[in-house]
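Beneath this line is the structure, given in structure tokens, with notes to follow.
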Number of protein chains: 2
Amino acid sequence: MVDINDMVLVSVDDHVVEPPHLFEGRLPAKYADLAPRFVTRDDGSNAWIYEGQEIANVALNAVAGRPPEEYGMEPTSFAELRAGCYDIDERVKDMDANGVLGSLCFPSFPQFCGQLFARTEDKDVALAMVRAYNDWHIDDWCGTHPGRFIPCSLPAIWDPQVLADEVRRTARKGAYAVTFSENPSKLGWPSFHSDHWDPFWQACSDEGVVVCLHIGSSSQLIITAPDAPIDCLITLTPINIVQAAADLIWSPVLRKFPDIKIALSEGGIGWIPYFLERVDYSYGRHRAWTGQDFGGRLPSEVFNERILTCFIDDRFGMASREFLNIDHVMWECDYPHSDSTWPFAPETVAEHFTGVPDDVVDKVTHRNAMEQFRYDPFTVLGGKENCTVGALRASAAGHDVSIRSVKPENVGAHANRAVDLAVPGR
Amino acid sequence: MVDINDMVLVSVDDHVVEPPHLFEGRLPAKYADLAPRFVTRDDGSNAWIYEGQEIANVALNAVAGRPPEEYGMEPTSFAELRAGCYDIDERVKDMDANGVLGSLCFPSFPQFCGQLFARTEDKDVALAMVRAYNDWHIDDWCGTHPGRFIPCSLPAIWDPQVLADEVRRTARKGAYAVTFSENPSKLGWPSFHSDHWDPFWQACSDEGVVVCLHIGSSSQLIITAPDAPIDCLITLTPINIVQAAADLIWSPVLRKFPDIKIALSEGGIGWIPYFLERVDYSYGRHRAWTGQDFGGRLPSEVFNERILTCFIDDRFGMASREFLNIDHVMWECDYPHSDSTWPFAPETVAEHFTGVPDDVVDKVTHRNAMEQFRYDPFTVLGGKENCTVGALRASAAGHDVSIRSVKPENVGAHANRAVDLAVPGR
């Protein structure tokens with residue numbers, strides 16, 4: 001059994017709830033008045049307003065530290081959120097108390113692919129917003145506490161060349177990850193099967209930038225039926241990334257750009273061995289008439305070489321590690337979303353490691369993430385000994401991680417159908 | 001290693017291409033003229049015509065014995081099909097040559113849930129068609145060679161009470177399986193979450209009839225993008241049944257009807273351990289606000305007790321058998337569809353059984369199917385020794401199972417996008 005205090009935890013999937021000051025001083029003067037505004041509404045909840053659109057926060061996206069009985073969908077105020085959701089200093093304290101060294105954070109209100117900005121008619125304005133967001137993300141969110149974050153840029157998704165240029169610009173600032181859509185076709189853009197995105201793939205290849213496809217980034221909620229309980233959606237959202245995995249494998253992307261790496265963020269791992277066997281079976285039986293050609297290789301080999309995977313809690317997946325490329329399996333905390341294991345991440349993930357060799361534990365908990373995202377916290381923080389669960393937790397002694405009720409009137413008062421998640425702004 | 005000749009193979013998922021004579025003498029005289037008519041079209045292909053609708057056969061549904069280079073989507077004539085697709089005597093010879101003792105066959109032209117008949121405005125006519133179909137299926141298709149088939153009735157899906165009555169009627173004729181939709185909501189009927197189907201579930205519970213949900217029975221093709229290659233669809237169609245699994249687990253059905261059994265036909269098994277862990281995780285984290293209640297049990301326990309599973313080729317799934325309820329895992333051949341292992345099913349499935357105890361092999365290859373579908377071929381056929389792969393193949397000595405080219409002009413001339421499968425009548 002691994003010693004929990006000796007583990008080093010790097011999470012490749014967390015989320016930032018953007019703070020009100022995000023755009024301050026980051027836009028050209030001529031666009032400053034166009035910046036999204038952070039407002040408090042009549043019901044006390046907070047929202048961003050941009051070009052007449054109002055984007056509420058969704059409670060299920062920021063429930064860390066709240067009792068599950070109060071989880072729900074209704075818009076929340078910042079006062080109800082744990083400060084670690086949006087305050088970088090508090091975030092680091094929450095990470096310390098949870099023994100988490102490093103974190104890759106996805107955006108919230110601009111949506112996973114910056115769709116909010118992509119809808120702006122004046123694309124110069126749109127680009128100014130994306131750049132301001134990325135500068136804030138890299139310099140402020142990730143830069144305030146050096147060595148603690150893996151920067152992940154927002155894409156200028158509306159134009160592949162502009163997108164490629166922004167990938168190159170942010171890579172020079174140290175962002176070796178970019179968030180993208182698990183299915184751009186569902187967002188109204190060309191699919192992975194077209195050559196539309198080639199400048200983007202090329203830029204990511206050239207710069208060594210990992211393309212991160214987060215679950216839900218196709219904005220397609222899985223509504224099995226109008227009266228399906230929300231549990232269906234919660235269960236199915238991660239495994240739905242299997243559609244992106246199939247799209248990627250059968251698309252030209254991986255074969256045309258042999259250096260590109262793509263991460264399936266929050267997708268879990270336990271379904272992957274089944275999937276790999278399935279793609280190889282399909283290839284063997286159908287390639288003669290479908291025309292697929294992987295040269296002398298199998299689709300599963302290409303997947304294992306190019307796709308990065310991760311899990312929050314997936315004991316079966318870890319038990320099946322001999323069927324996975326363990327060099328590409330990473331761990332995630334998902335703070336502050338409802339599936340997160342905060343503040344007991346070390347204890348939870350350690351349960352996966354019974355009988356697992358130390359070098360595999362090291363790969364999954366931090367070494368794979370450090371290698372794939374070119375993230376070197378040990379140098380910045382003065383050695384691995386300052387980066388362990390034990391060291392970080394010791395530094396956070398006294399930090400309050402107790403569950404706090406903030407909205408007792410929520411108990412039993414929720415929407416509980418999957419369709420209710422289809423709120424504006426998602 | 002199991003001795004291939006000693007195996008007994010019962011397939012819980014095959015398909016019948018209905019023969020032209022199906023309705024002859026099976027309808028009340030007043031409806032005889034309304035029966036679907038089997039026609040040959042100008043291009044030489046065959047089709048059924050019913051109430052002005054023309055339903056073509058789809059080649060990918062009946063490719064047994066053809067070279068993969070000729071697989072495709074275009075409508076075919078019976079002359080191009082292997083006779084075992086539609087001729088019961090030839091079917092049994094094909095089963096013998098493949099060492100397959102028993103077979104449960106799903107319908108083709110009426111669609112998985114008899115939607116073709118459900119669209120009939122006069123519901124007395126619709127019911128007459130369903131009854132005629134079921135009488136033919138049970139008496140002719142399954143009855144001509146006693147002990148060789150597991151009858152599976154077509155549902156009168158438009159009215160839960162009529163449906164229940166037909167389930168009870170066909171159960172009395174020996175049909176302990178009924179084909180139903182993996183998601184009736186997608187077909188325009190109420191979902192599993194409503195109480196609409198309660199008379200049906202009750203009838204299946206009372207009569208011990210297994211409800212079989214075949215992949216694709218929601219008529220929802222998985223089109224990831226307009227230009228997605230058909231390989232995406234082929235890869236994803238089986239695992240898409242995970243949506244039905246989630247619907248069932250979170251619906252009232254399994255908890256309200258504690259005796260009902262539901263089969264996920266052609267759904268594979270390798271993804272199930274991941275899924276079970278996921279539903280238990282969701283339950284543990286979210287039940288406090290979603291209101292789900294499994295008493296003192298876990299959702300995975302209910303799944304393992306009530307859901308039947310099967311595979312064509314799923315080595316990872318068999319290797320993960322300790323995470324499955326092995327008493328509910330069955331095998332299928334999928335004849336004459338394109339994923340079928342015919343005529344080498346024994347050799348293919350035997351490769352799954354390296355290191356697997358004999359009693360587990362027996363359960364998966366035949367004993368589970370015999371128990372769940374109350375199917376007793378050993379008594380009918382004079383002992384197990386007449387039912388083995390070796391015995392059946394010996395009886396079929398000389399039967400031609402060679403691959404035959406019937407449409408060489410097809411090579412390279414196919415539709416190859418997923419959307420092209422969306423042909424009328426599917």
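Before moving on, here are some points about what is shown:
- Placing unit charges on the Cβ atoms of the charged side chains and taking the dipole of the protein assembly as shown about its Cα centre, the candidate lying farthest along the positive direction among B:V10, A:H328, A:S282 is A:S282.
- Counting every C-alpha pair in the protein assembly as shown, the share spaced more than 50 angstrom apart comes to 21%.
- Farthest toward positive dipole pole in the protein assembly as shown [+1 Lys/Arg, -1 Asp/Glu at C-beta], among A:S395, A:V211, B:V125: B:V125
- Those trypsin sites (Lys or Arg not before Pro) in segment A:21-72 that DSSP places in a loop and that have at most 16 other beta carbons within 10 Å: A:R41
- Magnitude of the charge dipole for segment B:235-278, about its Cα centre and with charges confined to Cβ atoms of Lys, Arg (+1) and Asp, Glu (-1), is about 140 debye.
- Closest Cβ on chain B to the rotation axis that carries it onto A (distance rounded to whole Å): B:W271, 2
- Take A:A32, move 7 Å from Cα toward the beta carbon, and the resulting point lies 9.1 nm from the same point in each other copy, nearest first.
- The trypsin sites (Lys or Arg not before Pro) of segment A:276-383 that meet both conditions, a loop assignment by DSSP and at most 16 other Cβ atoms within 10 Å of the site Cβ, are A:R297, A:R374.
- Shown is the FRET efficiency for B:S205 and A:F344, computed with R0 = 35 Å from the Cβ-Cβ distance and rounded to the nearest 0.05: 0.25.
- Semi-axes of the equivalent ellipsoid for segment B:91-176, computed as √(5λ) from the eigenvalues of its C-alpha gyration tensor and ordered from largest down, come to 26, 13, 10 Å.
- As a calculated quantity, the FRET efficiency between B:N416 and B:D139 at R0 = 30 Å, using C-beta atoms, amounts to about 0.15.
- For A:H145, inter-copy separations between label points set 7 Å beyond Cα along the Cβ vector come to 6.9 nm, shortest first.
- Set A:K363/A:K407; A:K30/A:K261; B:K93/B:K173; B:K173/B:K363; A:K173/A:K384; A:K256/B:K186 screened for pairs whose C-alpha atoms are more than 29 Å apart: A:K363/A:K407; A:K30/A:K261; A:K256/B:K186
- Charge dipole of chain B (Cα centre as origin; +1 on each Lys and Arg Cβ, -1 on each Asp and Glu Cβ, all else neutral): 760 debye, rounded to the nearest 20.
- The residue among A:G291, A:T224, A:N304 whose Cα reaches farthest toward the positive pole of the charge dipole of segment A:218-324, with charges on the beta-carbon of Lys, Arg, Asp and Glu, is A:G291.
- The protein assembly as shown - share of DSSP beta bridges that are antiparallel (%, nearest 5): 30 percent
- Assigned charges on the beta-carbon of Lys, Arg, Asp, Glu; segment A:326-402 dipole about Cα centre (debye): 220 debye
- Copies compared at B:D259 - label distances in nm, ascending, label defined 7 Å from Cα in the Cβ direction: 6.7
- For chain B, adding -39500 (n - 2.57) for each run of n ≥ 4 DSSP H residues and dividing by the number of residues yields -8500 deg cm²/dmol at 222 nm.
- What the pair-distance distribution of segment A:182-264 shows, using all Cα-Cα distances binned every 10 Å from zero, is 17, 46, 25, 10, 2 percent.
- Accessible area that becomes buried as B packs against A, both chains, 1.4 Å probe, Å², nearest 100: 5500 Å²
- Over chain B, the Kirkwood radius and the radius of gyration, each from Cα atoms, give a ratio Rg/Rh of 0.95.
- B:Q161-A:V39 pseudo-label distance in nm [points 7 Å out on the Cα-to-Cβ vector]: 5.5 nm
The values are calculated or read from the model by the stated rules, or taken from the named source; none is laboratory data. Only a predicted model underlies this, so the values are computations on that prediction, with no experimental measurement involved. Quick reminder, even Gly has a Cβ in these numbers, built from the backbone with ideal geometry, and neighbours come from all protein chains shown. Calculation scope for accessible area: heavy atoms of the full protein, side chains included, ligands and nucleic acids excluded. Shrake-Rupley method; radii C 1.70, N 1.55, O 1.52, S 1.80 Å.
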